[in-house]
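Here's the structure we're looking at; comments come further down.
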Amino acid sequence: MSTQHLSEQEQLRREKLAEIIMMGIEPYPAALYPVNSYSTDIKKNFTPENKDEYADVCLAGRIMSVRDMGKANFAVIQDSKGRIQLYLKRDDICPGEDKSLYDIVWKKLLDIGDIIGVRGYVFITKTGETSLHVKELTLLSKSLHPLPIVKEAEGQTFDAVTDPEFKYRQRYADLIINPAVKETFVKRTKLINSIREFLNERGALEVDTPVLQSIPGGAAARPFVTHHNALDIPLYLRIANELYLKRLIVGGFDWVYEFSRNFRNEGMDRTHNPEFTILEFYTAYKDYFWMMETTEQLLEKAALDVCGTTDVPVGNKIISFKAPFKRISIFEAINEHTGFDVSRMNEEQLRSVCKQLHIGVDNTMGKGKLIDAIFSEKCEKHFVQPTFIIDYPVEMSPLTKKHRDKHGLVERFELMINGKEIANAYSELNDPIDQRERFEEQVKLMERGDDEAMFIDYDFLRALEYGMPPTSGIGFGIDRLCMLLTNNASIQDVLLFPQMRPEKRDEVKENDEQGAAS
């Protein structure tokens, strides 16, 4: 970065860096720093009775605040677990006659945001705060970009940075100054670990399947397209991993799962990001009734592991993840919330209903998409508590087994929570002839202009011809589930680095100046 683009504070910090180097101090040392303690552990466990155990404590962290008291200073540093107060005396840091090093480095050349290592002993101040009395101080990394200043007092945070442009684009700074953000991502990892534990304990096998695919199958979505130079062929970033996991069921695995990074070339909003995480698992010799029960058990465990309770606050609501969940057919749901019985309607009748309900449709939409549009716009929002929407029309579900009792329907459910789809599951279609016909119907939709219709995957059809046992499969939206369990209203808040439009040079400067001014 040229100096003409630097703020006044950035220029000042670079001048301090130059002075530090001239004094013979390495501002970015490569040596190992012997950390042996963490802030929150010290504050939780230290007592005057066990002070001997904390007589030689070594911490490393970022300077978050400083109070100059003349010959002594108080400061707060933040390590990977939390924050702790430091007490620094000039005579301790510089025991000899020459105190200039302390006066110059600590008081003039160090800044909020610098990363330091400190060694000393733990004590409790007169005000009752557990603190570290510093005997040695080492500069580990000079910060050249000022942090936005967030004021805290009496356990409350003031002037917190909430600007989404800053938070999502500069997540690294957001994590430093907003501790609650870090907790969101700790909970996200707990969620994934909880699910892994649930599946592994029941004998499921975690696998990996291709991200680059010659045919984007397993879902109805617009893919991202790339090109493989050596093979001179187009490839697609996967929109789903379903067809590969079902190939493994054909190959003899009884239960497989994958946390899949998927990509869909579609719009972005509070519940959609073009790159997202799905958990899919497939289990041989099971059906969608078994899958509903398993889903209830999995989510109840996840809520307990992440939140410590099955009653989880989401906005101003309390959502219960306690099993069992309500079940209702999609036709019953549409009838209940629109007054229309669409169960026996043809495509033209469905278009008429959409018109009466003021739902926008176009000629590329077949019967399945019309029903989906009615449900999405008029029904989804009403299902706040976990609810299985079951028994979909065959036109909506090209990979699903036909219902054993109800003509024209398939054995499928979607799990709705807080008005959004969280999971989608089937009794999987394993009839290769029926599957081929369903794919061919998708091609007809594609020819009508539906750019989300499925391609024909001939290799998958060949796999089915070898024989796939009765199977149940499910896909969970991990990001949306994480939103629920961390009480976040936007998918961007549960993704460490959500997709953003490219930042222009003048915007970089403007955002930097705003951050410094904060």
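Based on what the data block shows, is D341 of a type in the set (D, E, K, R) and touching a Ser or Thr at 6+ places or on another chain (Cβ under 7 Å)? For D341, the condition - of a type in the set (D, E, K, R) and touching a Ser or Thr at 6+ places or on another chain (Cβ under 7 Å) - is not met. Determine whether the stretch 37-44 contains at least one residue that is in contact with an Asp or Glu (Cβ under 6 Å, 6 or more places away or on another chain), in contact (Cβ under 8 Å) with a residue 12 or more places away in the chain and closer than 21 Å to K126 by Cβ. The answer is yes, given that some residue of the stretch 37-44 is in contact with an Asp or Glu (Cβ under 6 Å, 6 or more places away or on another chain), in contact (Cβ under 8 Å) with a residue 12 or more places away in the chain and closer than 21 Å to K126 by Cβ. Flag set for E441, criterion: acidic (D, E), closer than 29 Å to Y466 by Cβ and part of a helix (DSSP H, G or I). Before we move on, is L357 buried (at least 21 other Cβ atoms within 10 Å of the Cβ), more than 33 Å from the chain's Cα centre (by Cα) and either modelled with pLDDT of 95 or more or at negative phi (or both)? Taking the combined requirement at face value, the residue does not satisfy it. Restricting attention to the stretch 101-121, the residues being touching a Cys at 6+ places or on another chain (Cβ under 8 Å) and either modelled with pLDDT under 95 or not hydrophobic (A, V, I, L, M, F, W, C) (or both) number 4.
Could you list all residues from the stretch 213-222 that are open to solvent by 20 Å² or more (accessible area, probe 1.4 Å) and over 21 Å from G251 (Cα atoms)? Quick ask: steps written out before the conclusion?
Step one: of the stretch 213-222, the residues open to solvent by 20 Å² or more (accessible area, probe 1.4 Å) are 214-215, 220, 222.
Those that are open to solvent by 20 Å² or more (accessible area, probe 1.4 Å) and over 21 Å from G251 (Cα atoms): A220, R222.
Considered as a group, the residues in the stretch 460-483 that are free of Cβ contacts under 8 Å to residues at least 60 places away in the same chain and open to solvent by 30 Å² or more (accessible area, probe 1.4 Å) include one that is farthest from F289 (Cα to Cα), and that residue is R462. Restricting attention to the stretch 351-379 and to residues that are hydrophobic (A, V, I, L, M, F, W, C) and part of a loop (DSSP other than H, G, I, E, B), the residue that is nearest to P398 (Cα to Cα) turns out to be M365. Has the stretch 56-66 got any residue that is part of a helix (DSSP H, G or I), hydrophobic (A, V, I, L, M, F, W, C) and within 22 Å of L132 (Cβ to Cβ)? Among the residues of the stretch 56-66, not one is part of a helix (DSSP H, G or I), hydrophobic (A, V, I, L, M, F, W, C) and within 22 Å of L132 (Cβ to Cβ), which makes the answer no.
Quick check on my filter: what residues within the stretch 325-347 are among the polar types (S, T, N, Q) and in a loop (DSSP other than H, G, I, E, B)? Steps first, answer last, please.
Narrowing the stretch 325-347 to residues among the polar types (S, T, N, Q): 329, 335, 338, 343, 346.
The answer is S343, N346.
Per-residue answers, yes or no, for (1) hydrophobic (A, V, I, L, M, F, W, C); (2) assigned to a loop (DSSP other than H, G, I, E, B); (3) over 26 Å from the mean Cα position of the chain (by Cα):
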{"site": "M446", "(1), (2), (3)": "yes, no, yes"}
{"site": "G449", "(1), (2), (3)": "no, yes, yes"}
{"site": "A453", "(1), (2), (3)": "yes, yes, yes"}
{"site": "A489", "(1), (2), (3)": "yes, yes, no"}
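The values are calculated or read from the model by the stated rules, or taken from the named source; none is laboratory data. This one's a predicted model, so the numbers in the text were calculated from it and none came from an experiment. Because the Cβ atoms are built from the backbone with ideal geometry, glycine has one as well, and the counts that use them run over all protein chains shown. Only protein heavy atoms, including side chains, enter the accessible area calculation; ligands, DNA and RNA are left aside. Shrake-Rupley method; radii C 1.70, N 1.55, O 1.52, S 1.80 Å.
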